[in-house]
Amino acid sequence: MSEIPVAERAARIEYAIRDVVIPANALEAEGHEIIKLNIGDPIAYPGLPTPTHMVRAFQDSLSRGETGYSPSYGLPSLRSEIAKDERGKGWNCSPDDVYVCHGVTEALQIIFTATLESGTKVLAPGPHYPPYMAYPQLFGAETIEYRLDAGDGWRVDFADIEAKMDESVRILVLINPNNPTGNVASSDEIDRLISIAEKWPNCMIIADEIYDELDFTGTQTSVASRSKSVPVFTLNGVSKGYYAPGWRIGYMALHDPTKRLGAVRDGIERLLRSRLCASTPAQMGYLAGLEQSRDWMQEYTQKVLSQRDLCLQRISEIDGLEVESPGGAFYMFVRLTDSKWATDDKKFVLDLLHNEHVLVVHGSGFSKEMGLGHFRLVYLADCDVLSEAFDRIDRFLQRSR
């Protein structure tokens, strides 16, 4: 009998960050130890555990038997605390503007489902987080990449955005700090982005700010706080800055300065009700993180910064690698300067994995055009592990010449 066909929309999905794990798992099954610097999961690395008070709140919620469904839009206490946190970033967010989701990825799916249809477009940075390319096609839309300038600290190329904007663009995306490059957009750059979007009445902005607690520049700014004209979907959650990615709790907060999102909000709420709710105990854990002291973040940030600085030093000493210093998040988007690898970064990643057992992610997995000739590494591992990884990368580059 012939094989049952898969839907084409599913067959086209790619997620480079996890796709490269498949060959790594095969090597592990053969008994090899792999240095994994591929996935942005802070819990996968020692020394960065989910804070104790948040874990305790999660456990206490379980002990109280709070294992039933919560309201579809999120626990009222959590929505209220998130709104308070967003107000602290400079815009008038109310609890009714906040919707709690199964992480930022579900928030994206909900937003795209409510706003996209055949013939519409999403304009997203290149390179970018893969779901921005994968999800819109599920709704008959397409993602167009605007350029981040590799020669200028991965800053936004506004001329490229201007050239690609038209009436079919429904969503303009800013990931700030950016994944995978670590660039942090300034308030002036955000204002310019808003000024472009406001020329198109049906265009909304997604402000993916999941890494805002990991800003090393002191300049990270809420997009919603700058917009007086363009609707903004602020995305954030517990995964990165609060070091609890497996809890799968994120949120979208809707900023609607000119009151034009009534129908979109209704669609979002219908979708949220139809999928029931996010995890109740995990929401209680996140609530504790927002309500209690965040002093612990300083120690975590210093650890991450020391590891970033080690990576910058080691890369500067290796012939064949270059990198822009990231201003936020915990990624480096490293340029391959050897001509052998500059046009085949995926082969570099796979050969490095098989020869030296170091796992990173090919840059073309974040953008076939604008990520080509790069690889992304996560610098959350301890310094001795990072040093060993760079020893192996250096050795591999020397042998391959």
Gyration tensor on Cα atoms of the range 3-120, a ≥ b ≥ c root eigenvalues, a/c under 1.5 rounded, else prolate if a/b beats b/c, else oblate, says oblate
Taking the chain and counting helices only, DSSP H stretches of n ≥ 4 at -39,500 (n - 2.57) each over all residues, the nearest-500 ellipticity at 222 nm comes to -11500 deg cm²/dmol
The chain, Gaussian network, Cα under 10 Å: of 290, 48, 62, the residue fluctuating most is 62
Nearest-0.05 FRET efficiency for residue 387 and residue 113 at R0 = 45 Å, using Cβ-Cβ distance, is 0.50
Across 262, 363, 182, the residue with the highest GNM fluctuation in the chain (Cα network, 10 Å cutoff) is 262
Counting only backbone N atoms under 15 Å from a point 7 Å out along Cα-to-Cβ of residue 62, the residues of the range 266-304 in range are 279-286
Given 166-172, 98-104, the highest-first ranking by average Cβ count within 10 Å works out to 98-104, 166-172
Put in order of increasing Cβ neighbours within 10 Å, starting from the fewest, 200, 341, 91 give 200, 91, 341
Here, GluC sites (Glu not before Pro) of the range 1-101 satisfying both criteria (DSSP loop; at most 13 other Cβ within 10 Å) are 3, 14, 30, 33
Output for the range 277-359: GluC sites (Glu not before Pro) sitting in coil per DSSP, at most 14 other Cβ within 10 Å, listed by number, reads 317
Contour minus Cα-Cα span, residue 92 to residue 295, at 0.36 nm per residue, comes to 70.6 nm
In degrees, nearest 10, the alpha-carbon axis of helix 103-115 is tilted away from the dominant principal axis of the alpha carbons of the chain by 60 degrees
So, with points 7 Å from each Cα along the Cβ direction, the residue 202-residue 159 label distance in nm works out to 2.9 nm
To the nearest 0.05, the calculated FRET efficiency linking residue 26 and residue 2 through their beta-carbon distance, R0 being 41 Å, is 0.90
Within the range 52-291, pairs of Lys residues whose Cα atoms are less than 27 angstrom apart, provided they are eight or more positions apart or on distinct chains, add up to 17
Per-residue Cβ contact counts at 10 Å, fewest first, order 174, 193 as 174, 193
Of the convex hull drawn through the C-alpha atoms of the range 167-228, the volume per residue in Å³ is 81 Å³
For the residue 186, residue 305 Cβ pair and Förster radius 22 Å, calculated FRET efficiency rounded to 0.05 is 0.65
Once the in-chain neighbours fewer than 8 apart are removed, the lysines whose Cα is under 22 Å from residue 347 read 36, 368
Quick shape check on the range 151-263: root eigenvalues a ≥ b ≥ c of the Cα gyration tensor, a/c under 1.5 is rounded, otherwise prolate if a/b tops b/c, else oblate, and it reads oblate
Expected unfolding gain across residue 11-residue 142 under the 0.36 nm per residue rule, minus the alpha-carbon gap, is 45.6 nm
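FYI, it's all coordinate maths here, none of it is from the lab. Treat the numbers as computed from the prediction; the structure is a model and nothing was measured. Cβ: placed from backbone, ideal geometry, glycine included. Neighbour counts: every protein chain shown.
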